[in-house]
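Asks: Below is one structure. I have some questions about it.
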Number of protein chains: 2
Amino acid sequence: MRMVDIIRKKRDRVTLTPEEIRFFVKGYSDGSVPDYHASALLMAIYLNGMSDEEMLSLTDEMLNSGEVLDWSDLDGIKVDKHSTGGVGDKCSLILAPIAAAVGVVVPMISGRGLGHTGGTLDKLESIPGFEVQLTAERFREVLASTGMVLAGQTAEVAPADKKLYALRDVTATVESIPLITSSILSKKLAEGIDGLVLDVKVGSGAFMKQHSDALALARTLVKVGQRAGKKVVALITNMDQPLGTHVGNTLEVIESAEVLKGQVTKGDLVELSFELAAHMIVLGGKAEDLDGARKLVDQSIQKGTALRKFQEVVAAQGGDPMALEDYSLLPTANKTEPIEASRRGVVQRIDAEEVGIAAMLLGAGRVTVDSKIDPGAGIVLHRKVGDAVEEGMSLATLYYNDAKSLAEARSRLSAAFEIGEEAPPSVKLIHKVLS
Amino acid sequence: MRMVDIIRKKRDRVTLTPEEIRFFVKGYSDGSVPDYHASALLMAIYLNGMSDEEMLSLTDEMLNSGEVLDWSDLDGIKVDKHSTGGVGDKCSLILAPIAAAVGVVVPMISGRGLGHTGGTLDKLESIPGFEVQLTAERFREVLASTGMVLAGQTAEVAPADKKLYALRDVTATVESIPLITSSILSKKLAEGIDGLVLDVKVGSGAFMKQHSDALALARTLVKVGQRAGKKVVALITNMDQPLGTHVGNTLEVIESAEVLKGQVTKGDLVELSFELAAHMIVLGGKAEDLDGARKLVDQSIQKGTALRKFQEVVAAQGGDPMALEDYSLLPTANKTEPIEASRRGVVQRIDAEEVGIAAMLLGAGRVTVDSKIDPGAGIVLHRKVGDAVEEGMSLATLYYNDAKSLAEARSRLSAAFEIGEEAPPSVKLIHKVLS
């Protein structure tokens with residue numbers, strides 16, 4: 001078998017065989033297939049697409065390029081969530097404890113932020129003592145004892161994906177549905193889960209700007225995931241403005257704790273986290289239907305079981321559970337600065353990406369891979385899209401310790417708000433559910 | 001400027017600017033652009049094409065990546081020919097002396113064979129003493145004194161093309177009209193010519209199998225070449241069977257000499273060589289029109305001026321001009337073997353590629369880049385398509401010194417002939433002329 005022939009087939013829109021896909025993934029992993037072969041094939045896949053069979057093979061080969069976790073000795077159905085990502089998205093910190101409190105097993109493997117905001121691991125690390133890098137043994141212990149775990153990869157999960165992703169990043173082949181699908185699914189299926197809830201975001205603040213693209217990606221993820229033998233549901237959700245009100249690591253932990261305590265009961269973050277949790281509960285076999293699952297979500301908040309589950313996991317992973325009650329135990333920013341509305345009107349738009357970049361400039365995200373995150377830094381929004389404002393009213397507050405990039409962050413944050421006369425058309429948060 | 005952005009533009013069918021194309025070609029030449037960037041861009045160009053402007057820029061940048069020859073101090077219009085290649089194609093050895101005998105200046109730079117048959121340089125080297133690797137000084141002397149020269153590259157002509165071609169070869173991006181066009185034109189224009197006659201071959205024995213592909217390539221070559229300020233004519237010619245009757249290095253020199261002597265006056269080789277020479281003569285300003293040029297071609301044969309011109313060049317380049325009269329001075333094969341018709345009928349088809357491979361197996365071409373050619377080895381066809389044959393009649397003769405692969409060559413050559421009942425439909429040799 002030769003790579004040039006495999007590339008030629010894909011170039012000519014001929015379906016690749018599972019053996020050819022295996023040859024490519026194995027060869028690229030072990031270094032026998034050079035980068036230039038891989039990048040030509042990636043571009044041909046980007047432009048000519050892949051059949052379901054091909055995507056299934058690609059997912060399978062990437063999955064099997066590394067360790068595949070196995071929790072079959074633990075009782076219960078294992079379910080995880082994956083989001084295509086967005087500014088202010090701390091749903092994982094809310095839905096995982098809820099689902100686990102209801103009895104779903106949640107072996108959640110998360111990543112760090114590479115773009116403008118911190119990832120789930122960065123957020124968790126703002127809790128004093130919380131360890132995200134567990135050994136395989138500790139990972140299993142936490143999962144077995146609490147029914148959930150929130151950690152980074154314990155082993156080389158889908159190393160082929162890691163290597164390919166780095167190449168896609170520099171060859172303009174990231175935004176390809178077959179390549180995104182196999183990348184997401186290979187990593188998630190390697191976690192040894194039975195079910196997966198996908199949050200595919202669409203809008204100006206999302207990776208997918210167009211509904212049709214998000215729909216196509218969601219459909220493909222569900223189809224390929226189900227063909228791989230998993231229970232898969234995908235929600236297409238709106239990401240035109242930051243999710244919730246807090247952006248930044250400590251700030252997002254606080255907002256999540258407030259939701260789990262029942263202190264915040266409305267708004268996009270609550271609605272989305274609860275709905276995603278309900279889908280996890282259905283996949284996890286703990287409710288007959290979504291209505292039943294939603295009741296279990298509400299109970300877990302009202303009875304405090306979700307908050308206690310989160311504290312239990314924090315303690316099991318070495319963190320201080322009291323930090324979720326006394327926020328002064330969390331690392332904070334010692335300086336704040338508000339930004340104000342320059343006119344009276346209604347908020348038309350809050351550019352999520354600009355808010356994310358402003359938070360990053362304050363220290364909440366990484367400018368380069370090696371940057372150190374300031375957990376206390378970030379932004380709290382006081383007004384969201386559709387809210388009325390008066391001239392001079394505070395729109396948001398910047399939290400920072402280092403004022404180095406404050407001026408730029410301020411001006412970006414101010415520019416992110418668009419205020420107009422009329423109330424903007426209301427946009428549904430959850431556009432569609434695919435299963 | 002970043003390669004990833006250039007790749008993204010081409011991926012999205014956005015026209016690249018001359019500056020972006022320069023960045024790519026310069027960077028790839030000097031090593032600052034890695035192979036994986038180049039191969040992703042090549043595949044995007046393959047699948048999404050290029051505008052005329054982009055091809056002109058690409059040609060120009062590749063041309064200027066190396067030395068550009070300049071003969072403006074020599075009188076006369078400089079014209080060359082380029083063929084997309086085919087088995088038995090020795091037209092260069094015939095048309096160059098004819099055009100030069102008529103007064104066209106022909107600075108012909110040729111290559112070696114990499115595929116199944118020898119290239120023009122390999123054929124010329126079968127003439128004892130003939131030097132194809134000239135210094136720039138000798139090249140100029142021969143051209144100035146005889147009005148023609150037949151040699152390999154004197155310097156780094158279009159090195160960017162050389163490097164890119166090697167990458168295209170292993171990434172299935174060879175058969176792309178924009179890439180073929182810029183590759184051919186950059187090398188030919190670097191020769192410092194004023195006019196170019198292109199022989200674009202089509203058929204089962206050619207690189208282009210489909211008329212539509214050959215037509216598209218020819219149109220593009222003419223358009224881009226003319227926009228680069230050159231006089232360009234393209235002929236689309238048939239290549240369903242080997243051209244002429246002799247395949248192999250010494251054998252092709254002998255067949256060419258026979259044509260120049262007027263000993264062979266009919267057949268596809270004569271027709272095509274004379275017509276290409278006539279176009280060169282028109283471009284070279286030595287005739288008003290094709291009819292006038294054809295008369296000059298005939299005169300150069302009848303008066304022996306073309307043969308003498310060839311002998312003059314052979315002598316100027318260190319070869320023995322007598323070898324074109326006394327063929328025993330040429331290296332020959334000491335063994336021959338005929339193949340015979342297995343039935344009575346009419347030759348329907350002679351698979352050019354199989355004949356080429358059979359000749360290569362006998363030693364006429366290179367199996368690998370490092371293989372040594374046996375100049376005497378090859379094949380002479382006694383029957384061509386449309387000829388009637390009797391059972392047992394000799395169809396062709398194999399010439400060889402080393403019998404190692406004789407059996408395979410024999411069986412391939414036999415299988416290359418297809419004999420049927422009816423006379424096959426006659427196919428035009430020259431399908432179209434574009435200018």
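Asks: Taking θ = phi - 60°, what integer Hz values does the Karplus form 6.51 cos²θ - 1.76 cosθ + 1.60 yield along segment A:283-289, in sequence order, with x for Gly and Pro?
Replies: Taking θ as phi minus 60°, the curve returns 4, x, x, 9, 8, 5, 8 Hz for segment A:283-289.
Asks: Just need log10 I(q)/I(0) for segment A:292-364 at q = 0.18, 0.28 Å⁻¹, Debye formula, equal scatterers on the alpha-carbon atoms, no solvent, rounded to two decimals.
Replies: -0.96, -1.20
Asks: Tell me what chain A gives for mean residue ellipticity at 222 nm when only DSSP H runs of n ≥ 4 count, each as -39,500 (n - 2.57), the sum divided by the residue total, rounded to 500 deg cm²/dmol.
Replies: My calculation for chain A gives -14000 deg cm²/dmol from helical runs alone.
Asks: Let me ask another. Taking a virtual spin label 7 Å from the Cα of B:Ser426 along the C-beta vector, which residues in segment B:272-289 bring their backbone nitrogen under 16 Å of it?
Replies: From segment B:272-289, the list is B:272.
Asks: Let me have the relative contact order for segment B:331-420, percent, based on Cα pairs under 8 Å that are six or more residues apart.
Replies: Dividing the mean separation by the residue count of segment B:331-420 yields 47 percent.
Asks: Here's something else I'd like to know. Using r as the Cβ-Cβ distance of B:Arg2 and A:Ala415, and R0 as 22 Å, what FRET efficiency do you calculate, to the nearest 0.05?
Replies: That pair, B:Arg2 with A:Ala415, gives E of 0.30.
Asks: Please list, ordered by chain and number, the residues whose modelled amide H lies under 5 Å from the amide H of B:Met108; skip anything fewer than 5 residues away on the same chain.
Replies: Long-range HN contacts for B:Met108: B:Val149, B:Ala151.
Asks: Moving on to the next point. Chain B: D in µm²/s via Stokes-Einstein (Kirkwood Rh, Cα pairs, 10 °C, 1.306 mPa s)?
Replies: After rounding, the answer is 71 µm²/s.
Asks: What's the whole-number percent of alpha carbon pairs in segment B:331-420 lying beyond 15 angstrom?
Replies: 54
Asks: Using the alpha-carbon centroid of each, what span in Å lies between segment A:210-277 and segment B:241-310?
Replies: Between the Cα centres of segment A:210-277 and segment B:241-310 lies a distance of 76 Å.
Asks: Residues of A:27-36, mean number of Cβ from any other protein chain within 10 Å of their own Cβ, rounded to a whole number?
Replies: Other-chain Cβ atoms within 10 Å of each residue's Cβ, averaged: 2.
Asks: Express in % the proportion of alpha carbon pairs of segment A:267-327 at distances exceeding 14 Å.
Replies: Numbers: 1142 of 1830 pairs.
That tail contains 62 percent of the Cα-Cα pairs.
Asks: Compute the acute angle (0 to 90°) between the alpha-carbon long axis of helix A:52-63 and the principal axis of greatest extent of the alpha-carbon atoms of chain A; round to the nearest 10°.
Replies: The angle comes out near 80 degrees.
Asks: How far apart, in nanometres, would the label points at A:His382 and B:Asn334 be if each is projected 7 angstrom from Cα along the Cα-to-Cβ direction?
Replies: About 10.3 nm, to one decimal.
Asks: Under the definition of Cα pairs under 8 Å and six or more residues apart, what whole-number percent is the relative contact order of segment A:225-326?
Replies: Values: 62 pairs, mean separation 23.4, N = 102.
Across segment A:225-326, relative contact order equals 23 percent.
Asks: Could you grab the relative contact order for chain B? Cα pairs under 8 Å, six or more apart, rounded to a whole percent.
Replies: Normalised by residue count, the contact order of chain B is 20 percent.
Asks: What FRET efficiency comes out for B:Lys266 versus A:Gln210 if R0 is 60 angstrom and r is the Cβ-Cβ distance? Round to the nearest 0.05.
Replies: The computed FRET efficiency comes out at 0.40.
Asks: When you count, for each residue, the other Cβ atoms within 10 Å and take the mean per peptide, how do A:9-16, B:189-196 rank with the highest first?
Replies: B:189-196, A:9-16
Asks: A further question on this structure: Over segment B:3-49, with a single point scatterer placed on each C-alpha, what log10 of the ratio I(q)/I(0) does the Debye formula yield at q = 0.16, 0.19, 0.21, 0.25 1/Å?
Replies: Once normalised to I(0) and log-transformed, intensities are -0.36, -0.51, -0.62, -0.88.
Asks: When the accessible area of chain B is computed with all protein chains present and a 1.4 Å probe, what percentage of it is carbon and sulfur?
Replies: Within chain B, the accessible surface is 49 percent carbon and sulfur.
Asks: Under a GNM of chain A (C-alpha, springs under 10 Å), which listed residue has the highest mean-square fluctuation: A:Glu391, A:Glu255, A:Glu54?
Replies: A:Glu391
Asks: What is the angle, in °, between the Cα long axis of helix B:159-170 and the longest principal axis of the Cα atoms in chain B? Nearest 10 is fine, range 0 to 90.
Replies: The answer is roughly 70 degrees.
Asks: In whole Hz, what ³J(HN,Hα) sequence does segment A:350-355 give by Karplus (6.51, -1.76, 1.60; θ = phi - 60°), x for Gly and Pro?
Replies: Working through the residues one at a time gives 10, 5, 4, 5, 5, 4 Hz.
Asks: Still on this structure: In nm, what does the list of distances from A:Ser342 to its counterparts in the other copies look like, shortest first, when each label sits 7 Å along Cα to Cβ?
Replies: Result for A:Ser342, in nm, nearest copy first: 8.7.
Asks: Using the Karplus curve 6.51 cos²θ - 1.76 cosθ + 1.60 with θ = phi - 60°, what ³J(HN,Hα) values do you get for each residue of segment A:120-130, in whole Hz, with x for Gly and Pro?
Replies: 4, 5, 5, 5, 4, 5, 6, 7, x, x, 5
Asks: Sticking with this one: In the full protein assembly as shown, how much of B:Thr265 is accessible to a 1.4 Å probe, in Å² to the nearest 10?
Replies: Probe radius 1.4 Å; accessible area of B:Thr265 about 100 Å².
Asks: Which whole-angstrom value gives the distance between the alpha carbon centres of segment B:369-384 and segment A:351-365?
Replies: 70
Asks: Separate question: Measuring from label point to label point, each 7 Å out along Cα→Cβ, what is the A:Thr17 to A:Asp73 span in nm?
Replies: Once both label points are built, they end up 3.9 nm from each other.
Asks: Same structure, new question: Mind checking the angle between helix A:35-48 and chain A's longest principal axis? C-alpha axes, 0 to 90 degrees, to the nearest 10.
Replies: Between the helix axis and the principal axis of chain A, the angle is about 80 degrees.
Asks: So how much accessible area does B:Cys91 have, in Å² to the nearest 10, using a 1.4 Å probe?
Replies: About 0 Å², rounded to the nearest 10.
Asks: What is the average number of partner chain Cβ atoms found within 10 Å of a Cβ in A:165-173?
Replies: Numbers: counts 0, 0, 2, 1, 1, 8, 12, 15, 7.
Across A:165-173, the average partner-chain Cβ count within 10 Å equals 5.
Asks: Name the residues whose placed amide hydrogens come within less than 5 Å of the amide hydrogen of A:Ser83, ignoring near sequence neighbours (fewer than 5 apart) on the same chain.
Replies: Here A:Asp199 satisfy the definition.
Asks: Determine one quarter of the surface area of the Cα convex hull of the protein assembly as shown, which equals its mean projected area, and express it in nm² to one decimal.
Replies: One quarter of the hull surface, i.e. the mean projection, equals 44.5 nm².
Asks: Calculate, for B:Asp370 and A:Thr368, the FRET efficiency according to 1/(1 + (r/R0)^6) with r their C-beta to C-beta distance and R0 56 Å; round to the nearest 0.05.
Replies: Efficiency, from the Cβ-Cβ distance: 0.75.
Asks: Still on this structure, please answer the following. How large is the dipole of segment A:331-420 about the Cα centre if only Lys and Arg carry +1 and Asp and Glu carry -1, each at its Cβ, rounded to the nearest 20 debye?
Replies: Result for segment A:331-420 is approximately 60 debye, rounded to the nearest 20.
Asks: Please compute the average number of Cβ atoms from other chains found within 10 Å of each residue's Cβ in peptide B:45-54. Don't skip to the answer; put the middle values down first.
Replies: Details: counts 1, 6, 7, 2, 0, 0, 0, 0, 0, 0.
Averaged over the peptide's residues, the number is 2.
Asks: Pull up the cross-link candidates among the aspartates and glutamates for A:Lys9, meaning alpha carbon to alpha carbon under 17 Å and not fewer than 8 places away within one chain.
Replies: Correct list for A:Lys9: A:Glu19, A:Glu20, A:Asp52, A:Glu53, A:Glu54, B:Asp169, B:Glu175.
Asks: Taking the Cα centre as origin and putting +1 on Lys and Arg beta-carbons and -1 on Asp and Glu beta-carbons, what dipole magnitude results for the protein assembly as shown, to the nearest 20 debye? Don't skip to the answer; put the middle values down first.
Replies: Values: 96 positive and 120 negative charges, 153 e Å.
Around 740 debye, computed over the protein assembly as shown.
Asks: Identify the residues of segment A:288-328 with backbone N under 20 Å of a label point that sits 7 angstrom from the Cα of A:Ser394 along the Cα-to-Cβ direction, or state none.
Replies: A:327-328
Asks: Moving on. Amide H to amide H under 5 Å from A:Ile419: which residues, 5+ apart in sequence or cross-chain, H placed 1.01 Å off N in plane?
Replies: Those qualifying (amide H under 5 Å, at least 5 residues apart or on another chain) are A:Gln348.
Asks: Summarise the long-distance tail of P(r) for segment B:157-269 by giving the % of C-alpha pairs beyond 21 Å. Numbers along the way, then the final one.
Replies: Values: 3249 of 6328 pairs.
Distances greater than 21 Å cover 51 percent of the Cα pairs.
Asks: What whole-number volume per residue, in cubic angstrom, does the convex hull of the C-alpha atoms of segment B:139-206 give?
Replies: 124
Asks: For label points placed 7 Å from Cα toward Cβ, what is the shortest-first list of nm distances from B:Ser414 to its copies?
Replies: So the label point of B:Ser414 gives 9.0 nm to the other copies.
The values are calculated or read from the model by the stated rules, or taken from the named source; none is laboratory data. Note that the structure is predicted; figures quoted are calculated from it, not measured. We place every Cβ from the backbone using ideal geometry, glycine too, and count neighbours over all the protein chains shown. Quick note on the areas: whole protein, heavy atoms, side chains included, nothing else; ligands and nucleic acids left out. Shrake-Rupley method; radii C 1.70, N 1.55, O 1.52, S 1.80 Å.
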